[in-house]
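Please read the structure below before turning to the comments.
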Amino acid sequence: MTLRDSVFQLTSEHLKTGPDGKAHKVPALLDELRAAVTPGNSMSGGGASGPPIPINADALDLLREIEQTAKSDYYEMAGVQWTKDLARLLPWIVSLDLTPEWSAYLERVSLEWIDAITTLIWPVKPRRKLTGKTCPSCGLSMHGDERKVTLSLGCWDSEGNLAKIGDWDIECAGCGAGWSGDQVSWLLKALDTPGMELTQAEKIRV
Ligand SMILES: [Zn+2]
């Protein structure tokens with residue numbers, strides 16, 4: 001992803017592929033982060049006499065860190081203070097004639113911000129354990145002294161939604177074997193594990 005793409009995702013409404021495989025308009029990541037700072041805001045009604053709005057300290061810290069880094073980088077780069085908001089600073093920086101060093105640095109740091117925001121807003125959901133199922137590669141259903149389940153299914157996308165089945169994967173923690181793509185539905189059938197059971201109320205068929 002180029003610096004321009006990263007900054008666009010951070011500061012503008014953009015298209016993103018949803019679990020249905022279609023592109024949807026989603027808000028700027030910095031707007032999502034700002035909204036996450038006061039998660040109860042939209043429900044509180046904003047009345048002055050109501051209970052105080054809870055603050056997500058992690059979201060606030062991240063927002064401040066991004067803002068301070070961007071503003072101090074800009075000061076170092078341009079020799080003047082940026083007095084307007086962060087959402088306008090980043091596209092402005094992209095429009096400048098950057099040195100290759102600044103370009104490479106900003107490319108890296110903007111991807112780190114995207115990762116940090118995404119992880120904070122949509123924490124990774126744990127893989128589904130395929131309890132009682134035997135790995136066709138090593139023949140084990142449990143492994144190690146703690147008798148852990150060998151097979152697990154990865155079925156969530158980076159936002160915690162159920163991914164398309166073509167993006168699912170199965171891994172064996174016992175022998176390290178892995179299956180992906182079309183192999184997943186084949187293996188689930190072979191293991192006699194219907195998709196309905198795995199996904200419970202999520203109405204996905206294998
Ligand atoms: Zn195995």
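Nothing in this text is a laboratory measurement; each read-out follows from the coordinates by a stated rule. Note that the structure is a prediction, hence the values are computed from the model and not measured. Don't worry about glycine lacking a Cβ; one is built from the backbone with ideal geometry, like all the others, and counts go over all protein chains shown.
A few points about this structure:
- One decimal place: the segment Leu140-Met77 gains 16.9 nm when fully extended, by the rule 0.36 nm per residue minus the C-alpha distance.
- Gyration tensor (Cα) of region 94-149, equivalent ellipsoid semi-axes in angstrom: 46, 14, 9
- Legend note: in the chain, cysteines whose Cβ sits 4.7 Å or more from every other cysteine Cβ are Cys155.
- Taking 23 Å as the straight-line reach from the Cα of Lys16, the lysines in range (excluding those fewer than 8 positions away in the same chain) are Lys25, Lys125, Lys164, Lys203.
- Dividing the Cα radius of gyration of region 3-121 by its Kirkwood radius returns 1.03 for Rg/Rh.
- Neighbour-count order for Glu13, Glu67, Glu101, fewest beta carbons within 10 angstrom listed first: Glu101, Glu13, Glu67
- Exposure proxy ranking, count of Cβ atoms within 10 Å, fewest first, for Ser152, Ser6, Ser137: Ser137, Ser152, Ser6
- Contour minus Cα-Cα distance for Glu159 and Arg88 (0.36 nm per residue): 23.0 nm
- ³J(HN,Hα) computed for each position of region 95-101 - Karplus, 6.51 cos²θ - 1.76 cosθ + 1.60, integer Hz, glycine/proline x: 6, 6, 7, 7, 6, x, 5
- Shape index of region 128-202: Rg/Rh, with Rg the Cα radius of gyration and Rh the Kirkwood radius from the inverse mean 1/r over Cα pairs, equals 0.96.
- Shown here for region 100-166: trypsin sites (Lys or Arg not before Pro) in loop regions (DSSP other than H, G, I, E, B) with at most 12 other Cβ atoms within 10 Å, namely Arg147.
- Once you divide the Cα radius of gyration of the chain by 2.2 N^0.38 Å, the number left is 1.34.
- Relative contact order for the chain, counting Cα pairs under 8 Å that sit 6 or more residues apart, in percent: 15
- Amide H within-cut-off set for Lys129, under 5 Å, with H built and near neighbours excluded: Leu153
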